[in-house]
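Comments concern the structure below.
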Amino acid sequence: MSSIIRVRFAPSPTGPLHMGGVRTALYNYLFAKKHGGDFILRIEDTDRNRFVPGAEEYIIEALTWCGITPNEGVGFGDGKHAPYRQSERQGIYKKYADQLIGSGHAYHAFDTEEELGALRAEMEQEKLSFAYNSITRKKLVNSLTLSKTEVDKRISNGEHYVIRLRVPENEEIHVNDIIRGDVSVHTSQMDDKVLFKSDGMPTYHLANVVDDYLMKITHVIRGEEWLPSAPLHVLLYRSFGWEKEMPQFAHLPLLLKPEGNGKLSKRDGDRLGFPVFPLRWIDPQTKEESSGYREKEYYPEAFTNMLALLGWHPSGDKEIYSMEELIQDFSLERVNKSGAKFDPEKTKWFNQHYLRLKPDEILAEHLKGIIKKEFNFNDDDPRIQDDFLLKAIPLLKERVHFEHEMLEVGRYLFLRPNEYDQQVISKKWRDSHAVFFKALLDAYENMNDFSSASAEQVFQETAAANALKPGEVLQLFRVFLSGQAGGVNLFGMAELLGQQEVIQRMKVALRSLNAI
RNA sequence: GGCCCGUUCGUCUAGGGGUUAGGACGCGUCCCUUUCACGGAUGAAACACGAGUUCGAUUCUCGUACGGGCUACCA
């Protein structure tokens, strides 16, 4: 009786989703698709203080851009288990918290945040740490130390309270993790976590377990930062009597910053010069802008390919993976245990790879857009016509990692040079070369078929006729055409520019050298 | 501090009791190209340390070191 696989990605809308979150979503998605299961997007917005407007929309847009599309959940059509936003499920949780109180697995606690904070500070003074647990709960203000009438009175008086899990004494709690195997924690190390807050909202722990149960989640795939609270969740399933329905856990290794130590964070990206977010984000409060992979012209397939391999690896050497192939090959068993430092260089390499795979027609179309934006050419300008652009792309696409670099690298294909590389001129130019270039000009003017091959042939012949090795004048020719010492294939460029333009550019250059 | 998790080239990783420890990014050299890039070839570059088990450990076990995570009425 294999029930259908159901997984969920459950971010909280406290800001833009960062790439670590995207990877978690990706692994969930891959696992679900691999097994023909469901992938659900649930929004965990139980913390009203940290709610950030726009964050939920950002999450949906980011997943969509990456091609990681939930088939159920917020923003992706209603499913059987709607709503998928925890703030809209608020009425559900209290009942379950009360169930735990009824069965003796949880209790009311009246200690205020301030009181506990003071206690904590006090103990820290003496180098001790405070935990609300099986020892300290006996000395604090809760339904275990207060009489039933006192508790009822406080509650009916509207006094604020929280509901805490009553962690059993002296037990080993085991979590069977698909990636890490058996992980166990002794209950003496656990504290009586708050399940239900005094503002009427559940905490993550309660809401998460209840929703996963209600939504029939079979596998919880999430970041390693949740591993320490996994035993608590196991305890919750047990306390509810849901052990048979308990999902399997898989805790993913963290994404680490490229340099130094620690978890990859918002700050690293713009400091180190790469995005940590899939999409650009402008903080609604501070107006601070964080760059995104999409706006930096990374392709989503390059981004997801890179992300998939950061923590997971197939048994072979294959590295270029389409989403379909990832779904084919993915397995949680092959997810690594250790954290992975993110490498921006390799991400660029992935992008370069996918750029070369793009059809020239697409790149030409995009280049047209870039040029129009940059130069204000007329619509009928020959330099933005398809046939011209289509010939330019092969010259450019091999030398760039990103589309916008095509213009940076090949600016001179579209504009005449306004200055010439002086190093080349002073190193290579001899007044005696004027004879050769005048002859070349002449020869080019008289050509009928001006192609890359014929232009090169004529160049060679003219050089020979002038007793010159081509190498002596080739780079000068390049500088005359482009202004630059290096660049795209020289005679390919000549063919692209065309006979008349080549002649024009040569004349301008030779005049500036007083050679003609 | 306590608890939990981890540790193969600089980075991502494959491998797994006996291997010249493999690949990719990056870096170096050479070839191609009279440029640059692409491509091709090639080089440098790793099993954290110490015990134990074993004929033999990078691989298994235990410690140590180091790294990371968690330790809120945040997720």
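A short reminder: the numbers here are calculations on the coordinates, not readings from a lab. From a predicted model like this one, the values you see are computed outputs, not experimental measurements. Cβ sites come from the backbone with ideal geometry, for glycine too, and all protein chains shown count toward neighbours.
Details
- Computed from Cα positions, the angle between helix A:230-240 and the longest principal axis of chain A comes to roughly 40 degrees.
- Gyration tensor (alpha-carbon) shape descriptor, the range A:275-328, a/c threshold 1.5: prolate
- Protection-proxy order for peptides A:277-284, A:411-418, each taking the mean of Cβ atoms within 10 Å per residue, highest first: A:277-284, A:411-418
- Global geometry of the range A:359-516, whether rounded, prolate or oblate, following the gyration tensor of its Cα atoms and the 1.5 cut on a/c: prolate
- Net lengthening on full extension, A:Glu245/A:Lys337 (0.36 nm per residue, minus Cα-Cα): 30.5 nm
- Which of A:Phe350, A:Pro382, A:Leu332, positive extreme of dipole for the range A:323-390 (C-beta unit charges): A:Leu332
- Cα gyration tensor category, rounded, prolate or oblate, for the range A:1-106 with a/c compared to 1.5: oblate
- Environment charge at A:Leu363 (Cβ cut-off 11 Å; Lys +1, Arg +1, Asp -1, Glu -1): 0
- The dipole here belongs to chain A: it is taken about the Cα centre, uses +1 on the Cβ of Lys and Arg and -1 on the Cβ of Asp and Glu, and is about 580 debye.
- Between 0 and 90 degrees, the angle of helix A:499-512 with respect to the longest Cα principal axis of chain A falls at about 80 degrees.
- Scattering curve values for chain A, log₁₀ I(q)/I(0), Debye with Cα scatterers, q = 0.10, 0.13 Å⁻¹: -0.88, -1.24
- Neighbourhood net charge (9 Å Cβ-Cβ; Lys/Arg +1, Asp/Glu -1) for A:Arg164: +1
- Relative contact order, whole percent, for chain A stands at 12, derived from Cα pairs under 8 Å and 6 or more residues apart.
- Ordered by the count of other Cβ atoms within 10 Å of each Cβ, fewest first, A:Ile40, A:Ile370 give A:Ile370, A:Ile40.
- Within the range A:346-442, the GluC sites (Glu not before Pro) that combine a DSSP coil assignment with at most 16 other C-beta atoms in a 10 angstrom radius are A:Glu398, A:Glu419.
- Of the peptides A:25-38, A:245-258, the order by per-residue mean of other Cβ atoms within 10 Å, starting with the highest, comes out as A:25-38, A:245-258.
- Angle in degrees between helix A:360-375 and the longest Cα principal axis of chain A, rounded to the nearest 10: 80
- Nonlocal amide H pairs with A:Leu252, under 5 Å, H built at 1.01 Å: A:Arg222, A:Gly223, A:Glu224
- Cα-based Lys proximity count in the range A:1-116, under 28 Å, for pairs eight or more positions apart or on separate chains: 4
- Net charge over other residues, Cβ less than 13 angstrom from the Cβ of A:Pro53 (K, R count +1; D, E count -1): -2
- Segments A:83-94, A:488-499 sorted - mean Cβ within 10 Å per residue, highest first: A:488-499, A:83-94
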